[in-house]
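Notes to accompany the following structure.
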Number of protein chains: 2
Amino acid sequence: MAEDAPPIRFGILGCAEVARKVSRAITLSPNTTLYAVGSRSLDKATKFAASNGFPPHAKVYGSYEDDPEVDAVYVPLPTSLHVQWAVLAAQKKKHLLLEKPVALNVHDLHKILEACESNGLQYMDATMWMHHPRTTQMFHFLSDPQQFGRLQSVHATFSYGVSPYFLENDIRVKPELDALGALGDTGWYCVRAILWASNYELPKSATALHKPTYNDGGVILACGASLSWEDDKVATFYCSFLTDMSMDIIVMGTKGSLRVHDYVIPNQEKEAKFSTSSNSNWVELSIGWAPNPSDNVVYNDLPQEVHMVKEFARLVGAIKYNNSKPEDTWPVISRKTQLVIDAVKTSIDNGLEPVEIKG
Amino acid sequence: MAEDAPPIRFGILGCAEVARKVSRAITLSPNTTLYAVGSRSLDKATKFAASNGFPPHAKVYGSYEDDPEVDAVYVPLPTSLHVQWAVLAAQKKKHLLLEKPVALNVHDLHKILEACESNGLQYMDATMWMHHPRTTQMFHFLSDPQQFGRLQSVHATFSYGVSPYFLENDIRVKPELDALGALGDTGWYCVRAILWASNYELPKSATALHKPTYNDGGVILACGASLSWEDDKVATFYCSFLTDMSMDIIVMGTKGSLRVHDYVIPNQEKEAKFSTSSNSNWVELSIGWAPNPSDNVVYNDLPQEVHMVKEFARLVGAIKYNNSKPEDTWPVISRKTQLVIDAVKTSIDNGLEPVEIKG
C-alpha cells in the first residue's frame, strides 16, 4: 500500500461496547477511517456514531446495510450471528475483522473462511494482544534456542469477575447468543496464548479438567482444560467470569521461561511488562538463584488495538492497491484456535473424556 | 520452652548436599545446636562436620549410630531408606525432621507417623518455604474474604534443569533410591502449594495430564496433573527436572488473586516478593486495569530454613521441657501431600485415569 493511498474505509456492524474501543482504534490508526455504522436501530447507530468519533460524512444505517464504499467491516455482533453476517459481508466483497469468539464451532467458521477466501478477502480475528509490540518481543524470546530452548509447558488464564447485572443480561451468558460463554469469551485468549507459545503447533488432544460451572441456561461460566501434543509438551488453562481479573501466561522451556500477567489487556496502555529467566541455577548452598529473572518493559505509542487495525488495513490496502493475496496466517490460527475450543467443549460435554484434535 | 532452656541437640543422618544447608540453619537458629552426624563412611562424616560448622565437641559416627544425647534427627537420606531409619530413630525417642519426599507412598509414611505418635515425638517434613515470613503474609491475603474471596483455581510449578551428570548419577533419578523422581522431588512442592492455597482441603481426585517423561530406569523426569474438589475448585501443576528453573504459584479467587514466582527458594535470601490483585476492573473503554496489581516485598533477617529449624526446635523444646503434646498440623499436612502424590502416581500408572483421593 503506497504511503499516499487513501485510508481503508471501515463499516461497523453493531454497536457493542467493544465496538467503541475499536472505533477509537480506527480513528487513531493512520491508514483507516470510520465510514459507516449499522445497527438494527437507527437511533442507536446515530448515537453511537456521534459519541465515538465518526466524521460528519460517515453513514449511519438502521440495518446491516450494504454500502459499496466500505472496504472492510468490523463485526462485533453476538457470536451466533457471525456466520450469517460475516458470509454476507464477504459476498459483498468486504474484508473482515471479526470479533471473537469468531464462531460457535469450526463448521461455522469454515463457512466464513471459505466466503473470504473465495472472494479474495482478508480475514482477521480481533484478538488485540497478538498485535502489541510486547507480543513480538516475547515471541522472539520464545524462539531463541539459547535463551528459551524447547517448549515444555504452558499455563494460561483469563478471567474477570462480572457483575450480577452481567450474569443476568449480558449476551455472553445467553445460550441463544453466545453459547460458548466463558470458554468462548475468555478461553479463546487462553487457547490462542497456548497456540502462540507453541508456535501454532496444534495439540493432539484436549481434556477438560473438571465439571465447569454453568448458569441456568447451560452456558459455561468457568472451566479449565489441558492440552497435550505428540511429544512431551503439555498446557493447561483456566478461564472464568466468576474470578477476579487474571491474564497470565507462564511458558516453560528447557533453558528458560517467560511470564506475563496482563497479556490480554496490559495494566497500562502505553507500557507493558513481562519477565524472562534463562539458564538459572542455584547459588552455593541453594539459598538463591543466579541469574535472577529479568523484568522487561515495552513502551508503545499506539495502543494494541490500533496496531491490530493498522496491520489489518495494511493487508487490505495491499490487496486493494497492489494486487497482493490475503495473508493466510490469520485464518489459519483462527481456525486452530476454534478447533481447540471445540475439542474442549466436546470434552466437557462428554464427561471430561480426552478429545482428539484433528487438523 | 523457657528462654534459658538448653538448645535442642540435632543429629544428622547422612551427608547429602541439602544437609549442608540445614546444618547452617541449625547453626544460625538460636535454639538449636549441631550435636552429631552419622554416615556410612566415618571419613565422609568427619569431613562433613569439619566443613559445615559443627562445634569441636560434636560427635562423628561412621554409621547411623544411636546417641542418647541427641534430641532430634534430621534425615536427608534417599527416600527409600526413610521408613527404616525414621522408624528406628523414633523408637530411640528422637524427634524427626524428615527431608521430602518423606516416603515412597502413604503406607510407608503411616509407619513413620505412627512411630512418632506412639513415642510422643514431633514430626515435621523439611518443606522450608512453609516457614518463610512471606508464606504467612500470603496466607493472610488468601484468607481475606474481602481481598481474595473464595478460591477458584491454583496453578503451581517447580522445575529445574539438571546437568547430564545429575541425569546419570543423582539419587533422585535412581529407581532403587528415589523412585518418585521429579514427582517426589519437585512435585512435592507443587502439591503442598496447592494444598496450602486451599487451606489443606484434600482434593477429591487427581488426574495426570499427559504421559510423563521417564528415564531408562522408569523414573519420572517431568509430569503434570490436575486436582479437583467436590465444589468448583480446580488446580494444576507441572514439575520437571528437564525445564529451566520455575517456582510459580498463581492462586485465583472470586475477588482477588496472588502470584509468586520463587516460592520454593526465593531469588534472594533476605527479601522475597509476591504480587496481589483485588477487585480489579477495567478502566473506561477497557484499555487498562483499575486498580493495578500490587507488588509486595517481605524482608527477613533469617533464611526460611532457619525459621523451619527454629519452629521445629520450639515444638521439640515445648515437649521436652513443658510436657506439651506434639503439634499435629505437620503430620496431617505431610500425609495429605503424600496422599495426593500417590494418587497422581497411580493416575500416571493407570494411563491418566482420574484417581479418587480418600482421606
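Among the residues of the stretch B:215-228, those that are assigned to a loop (DSSP other than H, G, I, E, B) and open to solvent by 10 Å² or more (accessible area, probe 1.4 Å) comprise B:215, B:216, B:217, B:218. Scanning the stretch B:177-214 for residues that are among the charged types (D, E, K, R) and modelled with pLDDT under 95, which turns out most open to solvent (accessible area, probe 1.4 Å)? Applying the filter and picking the extreme gives B:211. Scanning the stretch A:317-338 for residues that are of a type in the set (A, V, I, L, M, F, W, C) and more than 12 Å from residue A:113 (Cβ to Cβ) returns A:318, A:319. Taking the numbered list (1) within 21 Å of the chain's Cα centre (by Cα); (2) open to solvent by 30 Å² or more (accessible area, probe 1.4 Å); (3) of a type outside the set (Gly, Ala, Ser); (4) more than 25 Å from residue B:353 (Cβ to Cβ) in turn, residue B:150 passes all entries but (1).
Only one of the numbered conditions (1) open to solvent by 10 Å² or more (accessible area, probe 1.4 Å); (2) within 7 Å of chain B (Cβ to nearest Cβ); (3) in contact with a Leu (Cβ under 8 Å, 6 or more places away or on another chain) is violated by residue A:234, and that is (1). Please enumerate the residues belonging to the stretch B:195-220 that are within 22 Å of residue A:207 (Cβ to Cβ), without any contact (Cβ under 8 Å) to a residue 60 or more places away in the chain and more than 10 Å from chain A (Cβ to nearest Cβ). Of everything in the stretch B:195-220, those that are within 22 Å of residue A:207 (Cβ to Cβ), without any contact (Cβ under 8 Å) to a residue 60 or more places away in the chain and more than 10 Å from chain A (Cβ to nearest Cβ) turn out to be B:198, B:214. May I ask you to list pairs of residues, at least six apart or on different chains, whose Cβ atoms are under 6 Å apart, with the first in the stretch A:110-129 being modelled with pLDDT of 95 or more and the second being part of a helix (DSSP H, G or I) and of a type in the set (Asp, Glu)? What qualifies is A:128/A:305. Tallying residues that are part of a helix (DSSP H, G or I) and open to solvent by 20 Å² or more (accessible area, probe 1.4 Å) within the stretch B:340-359 yields 4. Tell me, please, whether a residue that is within 11 Å of chain A (Cβ to nearest Cβ), in contact with a strand residue (DSSP E or B) (Cβ under 7 Å, 6 or more places away or on another chain) and either in contact (Cβ under 8 Å) with a residue 40 or more places away in the chain or in a strand (DSSP E or B) (or both) can be found in the stretch B:182-190. The answer is no; no qualifying residue exists.
For the stretch A:23-37, enumerate the residues that are of a type in the set (Ser, Thr, Tyr) and surrounded by 22 or more Cβ atoms within 10 Å (Cβ to Cβ). Walk me through how you get there before you give the answer.
Going residue by residue through the stretch A:23-37, those that are of a type in the set (Ser, Thr, Tyr) are A:23, A:27, A:29, A:32-33, A:35.
Listed by number, the residues that qualify are A:23, A:29, A:32, A:35.
Could you grab me the full set of residues in the stretch B:285-306 that are modelled with pLDDT of 95 or more and of a type in the set (Asp, Glu)? Of everything in the stretch B:285-306, those that are modelled with pLDDT of 95 or more and of a type in the set (Asp, Glu) turn out to be B:295, B:305.
Filtered by the rule that a residue be among the β-branched types (Val, Ile, Thr) and either open to solvent by 10 Å² or more (accessible area, probe 1.4 Å) or farther than 30 Å from residue A:163 by Cα (or both), the stretch A:237-254 gives A:251, A:254.
Hey, among A:49, A:58, which residue is among the aliphatic types (A, V, I, L, M), at pLDDT 95 or above and crowded, with 22+ Cβ neighbours inside 10 Å? If you could, list the steps in order and put the result at the bottom.
Working: A:58 fails: crowded, with 22+ Cβ neighbours inside 10 Å.
Every option except A:49 fails the conditions.
Tell me which residues, restricted to the stretch A:1-22, are out of contact with any strand residue (DSSP E or B) (no Cβ under 6 Å at 6 or more places or on another chain) and surrounded by 17 or more Cβ atoms within 10 Å (Cβ to Cβ).
Scanning the stretch A:1-22 gives A:1, A:14, A:15, A:16, A:18, A:20, A:21.
Considering (1) in contact (Cβ under 8 Å) with a residue 24 or more places away in the chain; (2) outside any strand (DSSP E or B), the lone condition that residue B:231 does not fulfil carries the number (1). Contact annotation: residue pairs with Cβ atoms under 7 Å, 6 or more positions apart or on different chains, pairing a residue in the stretch B:239-267 that is over 22 Å from residue A:291 (Cα atoms) and more than 7 Å from every other protein chain (Cβ to nearest Cβ) with a partner that is crowded, with 24+ Cβ neighbours inside 10 Å and among the small types (Gly, Ala, Ser), are B:251/B:197; B:251/B:257. Can you name every residue in the stretch B:273-317 that is of a type in the set (A, V, I, L, M) and within 21 Å of residue B:124 (Cβ to Cβ)? Passing the criteria: B:302, B:306, B:308, B:309, B:313, B:315, B:316.
The values are calculated or read from the model by the stated rules, or taken from the named source; none is laboratory data. Bear in mind that the values here come from a model prediction, so they are computed numbers and not experimental data. Backbone-built Cβ (ideal geometry, glycine too); neighbour counts: all protein chains shown. The area values use the complete protein model at the heavy-atom level, side chains included, leaving out ligands, DNA and RNA. Shrake-Rupley method; radii C 1.70, N 1.55, O 1.52, S 1.80 Å.
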